[in-house]
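Engineer: Sharing a structure, written as structure tokens. Questions coming.
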Amino acid sequence: MPDPKLFSRSPQPLYLQAAALFRSNIQNRTWRPGQQIPPLESLMETYGISRATIRQAFGLLEDDGLIRRSRGSGTFVNAELPETPTLLIPKTWAETVELSNQLGTVSLVESSADSPLPDTLGMPCNADRSGSFQYLRRVHTTDGAPFCYSEVFLDSVLFRKHRARIRKSTVAPVLDQFYGARISEARQVLNVIEAGQESAESLQIPVSSPVAELRRYACIDGRVVYFARLEFPFRKVRMEFDLLPHR
């Protein structure tokens, strides 16, 4: 029996939390492909939630292709489960450029006036942060679906110089192509946060869904010329590490 306080620890609606639990049961093979899921009464008793909440949660799993419901027969895990395509979170500048080249770009907001960098970047940065920046808010896509929500500050001179290209693509490949040899520092930090209203709407996910937040900056000749804050739906990304890189 789950801790009765389990669901109260999250601000997410109850049916989203239930869907996450049920999805986990499928992913870890507690509920196996082709297996019948316990009846509603059993789930109500086990998780202490209502019939309506369970049905809402099942609706999400059905939309994801994980289960099928049959009137009079019950609910079953699909025999063949869909694979969620994932992209590798970059750990180097080269990987950042490679991932960026795979993404399409849809503009949401482009500031009309030059802007300073945010007061805090949310990560350590001792580089020169002076100058004016163009602010861009965008959605990046893969296979025609939203994959990444981004807020970008790009040095205004660089933006004006490469305006046409940047409006159609991600920024990192442009910086790498024209200034790669001059990039003196590039750093990135990853956090796990909850999606806010704007990013949730852009990524077509529920508000408060877990997302991987990347904050990164790049410098040319010791001055920050690019800062970005990006959000990726957690289910669509993966990370890989070589734990013995020097062996």
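Engineer: Answer with yes or no whether Thr96 is surrounded by 18 or more Cβ atoms within 10 Å (Cβ to Cβ), at negative phi and not in a strand (DSSP E or B). It would help to see each step written out before you state the result.
Structural biologist: Values: surrounded by 18 or more Cβ atoms within 10 Å (Cβ to Cβ): yes; at negative phi: yes; not in a strand (DSSP E or B): yes.
Considered against the rule, which asks whether it is surrounded by 18 or more Cβ atoms within 10 Å (Cβ to Cβ), at negative phi and not in a strand (DSSP E or B), Thr96 comes out as yes.
Engineer: Sticking with this one: With respect to Ala172, is the statement that it is small (Gly, Ala, Ser) and in contact with a helix residue (DSSP H, G or I) (Cβ under 8 Å, 6 or more places away or on another chain) true? Break it down into steps so the answer makes sense when it comes.
Structural biologist: Values: small (Gly, Ala, Ser): yes; in contact with a helix residue (DSSP H, G or I) (Cβ under 8 Å, 6 or more places away or on another chain): yes.
Answer is yes for this residue.
Engineer: Could you tell me which residue of the range 226-247 is farthest from the chain's Cα centre (by Cα), considering only residues that are assigned to a loop (DSSP other than H, G, I, E, B) and in contact (Cβ under 8 Å) with a residue 40 or more places away in the chain?
Structural biologist: The first filter runs over the range 226-247 and keeps only residues assigned to a loop (DSSP other than H, G, I, E, B), leaving 239-247.
Of the ones still in play, those that are also in contact (Cβ under 8 Å) with a residue 40 or more places away in the chain are 239-241.
Working: Met239: 12, Glu240: 16, Phe241: 19 Å.
Residue satisfying both the conditions and the ranking: Phe241.
Engineer: A follow-up question, please. Assess whether Gly131 counts as being in the same structural domain as Ile193 (by the TED database), surrounded by 14 or more Cβ atoms within 10 Å (Cβ to Cβ) and touching a residue at least 40 places away in the same chain (Cβ under 8 Å).
Structural biologist: Judged against the criteria, Gly131 is a match.
Engineer: Among (1) in contact with a Leu (Cβ under 9 Å, 6 or more places away or on another chain); (2) closer than 30 Å to Phe133 by Cα; (3) of a type in the set (Ser, Thr, Tyr); (4) at pLDDT 90 or above, there is one condition Thr105 misses while meeting the rest; what is its number?
Structural biologist: Exception for Thr105: condition (1).
Engineer: Output the residues belonging to the range 105-123 that are surrounded by fewer than 18 Cβ atoms within 10 Å (Cβ to Cβ) and either outside any loop (DSSP other than H, G, I, E, B) or within 22 Å of the chain's Cα centre (by Cα) (or both).
Structural biologist: The answer is Val106, Ser107, Leu108, Val109, Glu110, Ser115, Pro118, Thr120, Gly122, Met123.
Engineer: Ok, one more. For the range 61-82, enumerate the residues that are in a loop (DSSP other than H, G, I, E, B) and either over 21 Å from Leu16 (Cβ atoms) or polar (S, T, N, Q) (or both). Before you say what the answer is, go through the steps one by one.
Structural biologist: Looking only at the range 61-82, we keep the residues that are in a loop (DSSP other than H, G, I, E, B), and these are 64-66, 71-73, 78-82.
Correct list: Arg71, Gly72, Ser73, Asn78, Ala79, Glu80.
Engineer: Hey, another quick one. Report those strands (runs of 3 or more DSSP E) wholly inside the range 138-225 carrying at least 1 residues which are within 20 Å of Thr96 (Cβ to Cβ), open to solvent by 10 Å² or more (accessible area, probe 1.4 Å) and basic (Lys, Arg). Walk me through it before giving the result.
Structural biologist: Values: elements: 145-155, 183-194, 210-220.
So the answer is 183-194, 210-220.
The values are calculated or read from the model by the stated rules, or taken from the named source; none is laboratory data. Since the model is a prediction, treat every value here as computed from it, not as a measurement. Note that we place each Cβ from the backbone using ideal geometry, even for glycine, and neighbour counts take in every protein chain shown. Accessible surface is based on the protein model in full, side chains and every heavy atom, while ligands, DNA and RNA are left aside. Shrake-Rupley method; radii C 1.70, N 1.55, O 1.52, S 1.80 Å.
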